[in-house]
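S.K.: Provided herewith is a single structure, encoded as structure tokens, for subsequent inquiry.
The values are calculated or read from the model by the stated rules, or taken from the named source; none is laboratory data. Please read all numbers here as calculations on a predicted model, not as lab measurements. Quick reminder, even Gly has a Cβ in these numbers, built from the backbone with ideal geometry, and neighbours come from all protein chains shown.
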Amino acid sequence: MSMAGVGIGASAAGAGIGAIGSLFQGSAQSNMYKYQAGVAQVNATVAKQDAQYATQAGEVEAQNSGMRTRAEVGSTRAGMAAGNVDITSGSGARVIASETEIGQQNEATIRANAAKRAYGFDVKAAADTAQAGAYDVAASTSQTSGVLGAVSSVIGGAGNVAAKWAQYGQSFGSGGGSGQYNTGSSVDY
């Protein structure tokens, strides 16, 4: 086999190997993005669970604060009653009202802080869900890119083989450019 033949064969083989490599690369990138999408989706699920937990924990904490406030108000009422202080009007009533109001504000603050924590987790869940979607798109795009790269390698390789074949034919007078093989001898029958 001549050097030209080797060059043609190498071009064809290179095109085939390039096509296979593009397919494998596209598939590998697609699998990586699918994995990352799965991780992001799990993170979103965990963040949603954390949001629910933050809300529930805040509600329990608020209820505990309310019980403490009721215990303090009860203790204040008992102390005032023992000292013969009127708790239905005047300063006694205002003290009890103030304790109750402060307790309600504490409960509202606890709930608001829990809602803020839950909101942060909800935002993270939304971001993770969006990231998972982006990874899914990237996975699809990578797969398509691999196929297009393979097709490009085959087309480019075919062009190289054709160019080398034409060059080979011109060098040896075989008329390779016409697509026909000419042996250079003419036989009349």
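S.K.: Determine, yes or no, whether Arg94 is surrounded by 14 or more Cβ atoms within 10 Å (Cβ to Cβ), basic (Lys, Arg) and over 18 Å from the mean Cα position of the chain (by Cα).
M.R.: no
S.K.: Can you go through Ala44, Ala57 and tell me which one is touching a Ser or Thr at 6+ places or on another chain (Cβ under 8 Å) and within 21 Å of Lys124 (Cβ to Cβ)?
M.R.: Working: Ala57 fails: touching a Ser or Thr at 6+ places or on another chain (Cβ under 8 Å).
The match here is Ala44.
S.K.: With the structure loaded, tell me whether Tyr53 is modelled with pLDDT of 65 or more, part of a helix (DSSP H, G or I), over 30 Å from Arg111 (Cβ atoms) and not basic (Lys, Arg) or whether it fails that test.
M.R.: Judged against the criteria, Tyr53 is not a match.
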